[in-house]
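The values are calculated or read from the model by the stated rules, or taken from the named source; none is laboratory data. In this text the structure is predicted, and so the values were computed from the model without any measurement. So basically every Cβ, Gly included, is an ideal-geometry build from the backbone, and we count neighbours across all protein chains shown.
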């Protein structure tokens, strides 16, 4: 039997794509727990010799109650695991399939010969899965996952583990031994915030994001997947790949630092600094740990630390999911703002606003309660709550509302109008913080007033 190798050109291309995905996940420091291959949803042990696929009595796979049509090549059982042909399974799960021909070469080092074996890459919004025949590992969303049973090549198709793929794609997996049926039922993460905006010449899907989140938002609802599948370009407030580049990280480090010879203590009241000292002690930091930071930067540090403590992280944010999809499909990306603009924006905060932000970040319990309510509103798709929250921020802090919402919303709406009014525009998905969408100065509100067709999805 020959040694399976991937053509150098194909492998180099794939490595670049996978490296980009890994970088996106690793750069935010906190990753979801690695996916583990588990054993439920498969047939009883056969006692067969490992490594050989065997045709068993008919096994049915139901996806949301509908059977998967495998034709003449049905699922097989190996070591208590159900494996199924990738192509029909992916099609039923709405996963894009890309197969790359693999070359074989004899152990003696002879010239490679063509083979029907293929490397399989499956992608959908929130999922990148890579399988290679007989490889002991798979690549799932930035994690290398050990496989109790490798993917197997048979009859011109790659058979892959059903449970691993289904769970990663957002399905619960069950097994009925009597009927020999594997059941895949899609989990529901919530409704979310998404609108379809149309002009005579263009369509834009507006996704209301939460920048830092947890697993309760996932899997994303079908409306998000449908918009992403239709997209020919993706827009963000800021392309996080730029923000996480060496240049972007350097710019951020420079922006948060005090450079005039002062320290944080010089920019806030003694009372605020004392509260900060106490909070840092709780976190295990020395009292001067943040002295080099501007007040707004210290506030963001503390807020992010509080969220990370309860599992709310950037790695689970909506932007990250869409960026993984961008890398998988190689879609063009555009920005409504820029990293430099956003960093400069914080410097426009008055000293009073910066101290208020710092004080709010020190009230961790209150902030986390508000965030939890916001996440619940996202899951419920509660437009009324979202609009109320946006408008309430104007009464709570007029300066913050003007700088962070109103002015930015009008500027971003103007850029979206340009897309909608162009004679030829790609179908676009634009991912923007949910709080920017509704309320008196919300982007969706502004576009509706302009007469564009707006449909809540």
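Tabulated values for the structure
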read-out: Single residue of the stretch 309-323 satisfying the filter (at pLDDT below 90 and part of a helix (DSSP H, G or I)) that is surrounded by the most Cβ atoms within 10 Å (Cβ to Cβ); value: 316
read-out: Any hit, the stretch 225-243, residues being more than 28 Å from the chain's Cα centre (by Cα) and either assigned by TED's automatic domain parsing to the domain that holds residue 430 or crowded, with 19+ Cβ neighbours inside 10 Å (or both); value: no
read-out: Among residues of the stretch 395-428, those that are touching a helix residue (DSSP H, G or I) at 6+ places or on another chain (Cβ under 8 Å) and either at pLDDT below 95 or outside any helix (DSSP H, G or I) (or both), counted; value: 4
read-out: Residues of the stretch 214-232 that turn out to be under 16 Å from residue 197 (Cα atoms) and assigned to a loop (DSSP other than H, G, I, E, B), as a count; value: 2
read-out: Checking residue 74 against (1) part of a loop (DSSP other than H, G, I, E, B); (2) touching a residue at least 24 places away in the same chain (Cβ under 8 Å), the condition it does not meet; value: (2)
read-out: Yes/no for residue 352 being part of a helix (DSSP H, G or I), surrounded by fewer than 20 Cβ atoms within 10 Å (Cβ to Cβ) and at pLDDT 95 or above; value: yes
read-out: Residue that is surrounded by the most Cβ atoms within 10 Å (Cβ to Cβ) [pool: residues in the stretch 424-444 that are out of contact with any strand residue (DSSP E or B) (no Cβ under 6 Å at 6 or more places or on another chain) and more than 10 Å from residue 387 (Cα to Cα)]; value: 443
read-out: Failed item, numbered, when residue 48 is tested on (1) at pLDDT below 95; (2) surrounded by 15 or more Cβ atoms within 10 Å (Cβ to Cβ); (3) touching a strand residue (DSSP E or B) at 6+ places or on another chain (Cβ under 6 Å); value: (2)
